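Visitor: This is the structure I have questions about; it appears just below.
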Amino acid sequence: MNFIQNSNRICVLPELHGVGGMVTFQNKFSKGLSARKVEITYNLEDRPYQSILVVGGTKNIHGLIRSRRKGIPIVQRLDGLNWLHRAQARKNIRDFHPKFFMRAEYGNRILYIIREHIANSIIYQSEFVRDWWLKNRGPTKAADVVIHNGVDLEQYKPIETIKRPDNITRILLVEGSLMGGYEAGLGVAVNLIEMLLETKKTELTDKIELVVVGKLSENVRKHWTVKLNERNYRDRVCVNWMGVLPLERIPEINNNAHFLYSSDINAACPNSVIEAMACGNPVLSFDTGALPELVTSDSGKIVPYGADSWRLEAPDIKALTFGAVELLENQQEYRSGARERAVNFFGLDMMLDAYLDILLG
C-alpha cells in the first residue's frame, strides 16, 4: 500500500535540540522550508507526508522500516563517522571515558543500519564525507549526492557599521561544542597566539584577543586562563569566553573579527566556516576534512597539518602562523574573496533547492 501524497509535507527525524552542527542545520532547514510553504512534522505517525529526512541517525529503526514498506522514500543526511573516541583510546588520553567510547560506537552502528539497509537516498555533506564513508563502509544501493551546507546571505553578510580594532588582532573560534575531545582546538589556538606574539611581521600581532564561542566546561576555561597568565601574556592577550550564543549574534561576532580559526579536525562541513565567509570573515585552518573544498585560496588560508591528524599528532603551528600573518596583511582582499565564495556557492536557497529536488521531486 502506497502512502505517498502529492502534498508539500516532509517528516524530519529526529527533532533536535541543543547545540552543534546538526541542530544548526535543522533550524535553518525548517525556517527555509516554512518560507516556501513546505510543512514539516517530526512524528512518523503524523501522515501524510511525501518523504522522510533522517538527519544523521534515529533510534526509531522499526518505524523507518515500516515507513519504507509503505512506499515512503527515506533520505539520510550523513555527517562523518564518529572517530575521535578511537583516536583518544589509542593515545590513552587521561580524561577518556569508556562510556563515551560506547556511545560513539552505538551512534555509528545506527548510522550504518540506516545507510546500508533502509535509506533510498543519501545526502553527504561534502565530497570528503562521501569518500570517508565509501572508504570505511563501501558503496550502497541507495542513490547518493553531495550537498554542502548553506547560509542565509541576507542574515550573514558584511556589516559596514562594525569596525574591527586597529591595535589588536581579534581571532574568532566558533564550535558548537568544545567538549568530548574537541577542546584540543583551544590548545592549538593558544600555541598560535604564542607564535604570533613572537613575530614582528605586522603591527596587529602586538596584542591579540581570542574570542571563543561554544559550549565548554568551566574546568577547560579555567585551565587555559591560568596557562596564559602563567606565561606572562596578561598585557598582550585577552580571551573572551562567550559561551553559547544565539544564532542572531553570529554575524556581529564575525564582522568584529580579523579571521575565523576553524579548530575542528576532519570536519564534515562546518557551518561556522560558511557563516564566517558569508560575513566576509576569512578562514584559517589546517587542510583536514572538508576545509580544502570549502575555502579557496582567495577566501582564507588552508595550511598543511604536517602530521597524522587521524592519530591526533601535533600539527604544524608554524604553518598556521604564516597563514594568519598572510590574512592579517591582506585583510580587504581576503574579506572580499570570502564573501564572494559564499555568495557563489553556499547560499541557503541553493541548498534548499537541492534538498527539495530529492525530497519532493
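Visitor: Which order do the peptides 154-167, 62-75 come out in when sorted by mean C-beta neighbours inside 10 angstrom, highest first?
Guide: Highest to lowest by the protection proxy: 62-75, 154-167.
Visitor: Under a point spin-label approximation (7 Å from Cα along Cα-to-Cβ), what is the D353-H62 distance to one decimal in nm?
Guide: Those two pseudo-labels are separated by 4.3 nm.
Visitor: Beyond a 30 Å Cα-Cα separation, which of these cross-linked pairs lie in this structure: K59/K99; K207/K318; K99/K318; K28/K207; K135/K227; K157/K207?
Guide: K99/K318; K28/K207; K135/K227
Visitor: Still on this structure, please answer the following. Under 20 Å from a label point 7 Å along Cα→Cβ of N27: give me every residue in region 57-83 with its amide N that close.
Guide: 57, 79
Visitor: Taking a ≥ b ≥ c as the square roots of the eigenvalues of the Cα gyration tensor of the chain, is the shape rounded (a/c under 1.5), prolate (a/b larger than b/c) or oblate?
Guide: prolate
Visitor: If amide hydrogens are placed 1.01 Å from N in the peptide plane, which non-local residues have theirs closer than 5 Å to the one on D144?
Guide: Those qualifying (amide H under 5 Å, at least 5 residues apart or on another chain) are I122.
Visitor: Shifting gears a bit: Non-local amide H neighbours of C238 (under 5 Å, H modeled in plane, Pro and chain starts lacking H): which ones?
Guide: The answer is I208, E209, L210.
Visitor: By per-residue mean of other Cβ atoms within 10 Å, what is the highest-first order of 270-278, 246-254?
Guide: The most tightly packed comes first, giving 270-278, 246-254.
Visitor: Give, as ranges by residue number, the residues of region 139-169 whose backbone N falls under 16 Å from the point 7 Å along Cα→Cβ of I40.
Guide: Taking a point 7 Å out along Cα→Cβ of I40, the residues of region 139-169 whose backbone N falls under 16 Å are 149-152.
Visitor: Continuing with the same structure: Put a dot 7 Å past each Cα toward the Cβ at I113 and D308; how far apart are the dots in nm?
Guide: Label at D308, label at I113, 3.3 nm between them.
Visitor: What FRET efficiency comes out for F322 versus R90 if R0 is 30 angstrom and r is the Cβ-Cβ distance? Round to the nearest 0.05.
Guide: Details: r = 30 Å, r/R0 = 1.00.
Approximately 0.50, to the nearest 0.05.
The numbers here are math on the coordinates, done by the rules we state, and not lab data. Given the structure is predicted, the values throughout are model-derived calculations rather than measurements. Positions of Cβ are generated from backbone atoms using ideal geometry, with glycine treated the same way; all protein chains shown enter the neighbour counts.
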